[in-house]
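The values are calculated or read from the model by the stated rules, or taken from the named source; none is laboratory data. Quick caveat: nothing in here was measured; it's all calculated off a predicted structure. We place every Cβ from the backbone using ideal geometry, glycine too, and count neighbours over all the protein chains shown.
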Amino acid sequence: MTLENIKEFLQNNPGYLKWGDVRIALKLDTDIDLVKQAKLEVKNVAQDEVNSGPNILILDIETAPLMSYTFGIWQQNISLDQIESDFFIITWSAKWLGSDKVFNGLITPKEILNEDDSSIMKQLWLVLEKADIVIGHNFKRFDKKKINSRFIENGLGPVSPYKVIDTLEVVKRNFGFTSNKLEALARKFGFESKHDTGFNLWKACMKGDREALIKMSLYCDHDVEITENVFFKLLPWIKDLNLGLYNIDDEIKCPACGSNQLKEAGFHYTSISKYQSYRCEECGHISRDRHSILTRDENKKIIVSVK
């Protein structure tokens, strides 16, 4: 199919604009790069519908491996002069929390041979610009830093500030599982496992193999879906999220899920004050009031230990 044929198809069937580039290419039996261009011309990826309230994005990336010359395979100390090719991003996948649609950016065979991720990074920049909160597994230490590295190398500035909820940090902070990997958590919680891959998939992608690139994109799509499931499982344990900030009205809301179905659940005590606690009947999260229920006179009667 030609670019114009694909554009005409998307204009006549706007529901397919919610599909990822890979799935449309498979549906139409055509090139991904043509689909990507057609979608950009028909509807910019950053104009996709997002949730009401805060725009919460689930995001994952897959990067190209470094390629270097070595003199062995064990405990090698690689110098900068030995590096033949640095990392770049092969594909990214994302979805707005609660949406059924996973959308993505996938490098073309020509682009990967030229180590050129500029097109998909511009798309990702536009998406992140709309996000208030980004959810990812090991996102703070890996994904965010890799993304920012590719932004600056492609001449892109920083996106507007967004809050990060890193599910790996939540797990490490609250639990003692044998493994904190996304695959291990998926199995532990009874979710569908990650797709099987091996390093041969990365090798095939680096050679510009179209089928390998499609498989890599689908692998990344699936990781985003797993991350969303893990996030919802962990939601009652997440303490650095406050959705009430994004939609303030006369009702108190659960900081974790935004529900107003809160039930009083005892009190929260600090060394100098007392607060009303609540349990969310939707997600189970425990929260408390910001203001003490003690009067000023009652508070004056409290003394504390000297440290």
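Overview of results
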{"item": "Close pairs (9 angstrom Cβ cut-off, 6 or more residues apart or separate chains): over 28 Å from Lys253 (Cβ atoms) in segment 284-307, exposed (fewer than 11 other Cβ atoms within 10 Å of the Cβ) and at pLDDT below 90 anywhere", "result": "Ile302/Ser271; Val304/Ser271; Ser305/Ser271"}
{"item": "Single residue of Leu213, Leu218 found to be aliphatic (A, V, I, L, M), assigned by TED's automatic domain parsing to the domain that holds Val102 and in contact with a Pro (Cβ under 8 Å, 6 or more places away or on another chain)", "result": "Leu213"}
{"item": "Tabulated pairs, segment 22-42, first on the phi < 0 side of the Ramachandran plot, second charged (D, E, K, R) and part of a loop (DSSP other than H, G, I, E, B), C-beta under 8 angstrom, 6+ apart or interchain", "result": "Ala25/Asp31"}
{"item": "Residue match in segment 161-174 (condition: out of contact with any Phe, Trp or Tyr (no Cβ under 6 Å at 6 or more places or on another chain) and at positive phi)", "result": "no"}
{"item": "Cys220 being in contact with a Leu (Cβ under 8 Å, 6 or more places away or on another chain) and either under 23 Å from Ala186 (Cβ atoms) or not in a loop (DSSP other than H, G, I, E, B) (or both)", "result": "no"}
{"item": "All strands (runs of 3 or more DSSP E) inside segment 75-122 with 3 or more residues being of a type outside the set (Val, Ile, Thr) and surrounded by fewer than 16 Cβ atoms within 10 Å (Cβ to Cβ)", "result": "none"}
{"item": "Hits in segment 135-152 - residues which are buried (at least 16 other Cβ atoms within 10 Å of the Cβ) and either over 17 Å from Asp223 (Cβ atoms) or in contact with a helix residue (DSSP H, G or I) (Cβ under 6 Å, 6 or more places away or on another chain) (or both)", "result": "Ile135, Gly136, His137, Asn138, Arg150, Phe151"}
{"item": "Of the criteria (1) small (Gly, Ala, Ser); (2) without any contact (Cβ under 8 Å) to a residue 12 or more places away in the chain; (3) on the phi > 0 side of the Ramachandran plot, which one Gly258 fails", "result": "(2)"}
{"item": "Residues that are within 15 Å of the chain's Cα centre (by Cα) and aromatic (Phe, Trp, Tyr), drawn from segment 83-141", "result": "Trp92, Trp96, Phe103, Trp125, Phe139"}
{"item": "Number of positions in segment 219-236 that are touching a helix residue (DSSP H, G or I) at 6+ places or on another chain (Cβ under 9 Å), within 27 Å of Asp116 (Cβ to Cβ) and surrounded by fewer than 19 Cβ atoms within 10 Å (Cβ to Cβ)", "result": "1"}
{"item": "Helices (runs of 4 or more DSSP H) enclosed by segment 146-215 - at least 3 residues per element that are among the aliphatic types (A, V, I, L, M), touching a Ser or Thr at 6+ places or on another chain (Cβ under 8 Å) and without any contact (Cβ under 8 Å) to a residue 60 or more places away in the chain", "result": "182-189"}
{"item": "Test: Lys239 is loosely packed, with under 15 Cβ neighbours inside 10 Å, free of Cβ contacts under 8 Å to residues at least 24 places away in the same chain and part of a loop (DSSP other than H, G, I, E, B)", "result": "yes"}
